[in-house]
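**Student:** Right, I'll just put the structure down here and ask away after.
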Amino acid sequence: QAALAGSHASLQGTLKDLTAPLSTPLNGRIEVASLAQLTPLLPEVRLPDLAFSASGRVALGDDEISLDDLAARIGKSDANGRLRLRWRDRFNLNADLTSRLVDIAQWDTPSTTSVPVHDRPLPLQPVRDLDVQLRLRAERILLATYDLDRAVLDAKLANGLLELSAKAAEGNLHGELRFDTRQNVPSVAGRLSLQEVEMRALYTAATASG
């Protein structure tokens with residue numbers, strides 16, 4: 001177990017094979033009263049004042065860690081599923097998640113001294129150093145001004161190239177985004193397809209939710 005002010009982490013279980021202790025899954029849990037307390041550890045990121053908790057089955061291997069039966073919560077958002085993190089040659093994260101609610105708007109906490117999220121420069125080097133494969137199926141996603149039901153998000157980040165596709169239930173809504181950071185000057189290309197989608201309804205739903 002480990003504890004800091006406002007935070008707590010633990011691993012519990014029984015090692016069945018002492019010759020290979022890393023092969024035994026353990027029950028892990030972490031609780032953080034406020035993500036903002038972690039700012040000294042991540043000075044380049046302005047973390048919001050949101051409570052965070054997560055639990056699951058943790059297994060350690062050679063240059064990798066896996067987390068099954070994940071149940072996590074950040075503020076009003078939740079996520080369940082599995083994660084795999086490998087770091088032999090490059091950091092590689094693979095995630096397959098489901099969620100009842102993903103509230104992205106709560107991450108941009110209003111502040112008179114901080115620059116809004118959409119106006120901040122994007123740190124490119126971490127994007128180039130990390131590979132990610134993500135699949136997210138959410139019953140509801142809240143953006144700054146839009147409310148999406150039954151959303152599916154697939155994202156792949158490899159060697160600085162991000163390819164993202166998403167769809168939602170409001171009519172026929174499908175989008176794709178390609179963000180290439182492999183060059184000194186990044187490039188962005190996107191496509192959005194809307195059929196029988198009432199944008200005013202999306203905006204009204206999100207406003208009512210806030």
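The values are calculated or read from the model by the stated rules, or taken from the named source; none is laboratory data. Nothing here was measured: the structure is a model prediction, and the numbers come from that model. For neighbour counting, all protein chains shown are included, and Cβ atoms are generated from backbone atoms with ideal geometry for every residue, glycine included. Side chains are part of the model used for accessible areas, which takes the heavy atoms of the whole protein and leaves out ligands, DNA and RNA. Shrake-Rupley method; radii C 1.70, N 1.55, O 1.52, S 1.80 Å.
**Student:** A158 versus (1) at pLDDT below 80; (2) farther than 28 Å from D49 by Cβ; (3) aliphatic (A, V, I, L, M): which is the lone unmet condition?
**Tutor:** (1)
**Student:** In region 127-141, what count of residues is obtained for those that are touching a Ser or Thr at 6+ places or on another chain (Cβ under 6 Å) and at pLDDT below 90?
**Tutor:** 2
**Student:** If you take the residues in region 177-210 that are at pLDDT below 80 and of a type in the set (D, E), which one is nearest to L101 (Cα to Cα)?
**Tutor:** By that ranking, first place goes to E198.
**Student:** Name the pairs: first residue in region 140-157 and β-branched (V, I, T), second residue at pLDDT below 80 and open to solvent by less than 20 Å² (accessible area, probe 1.4 Å), Cβ to Cβ under 7 Å, at least 6 apart or on different chains?
**Tutor:** T145/A206
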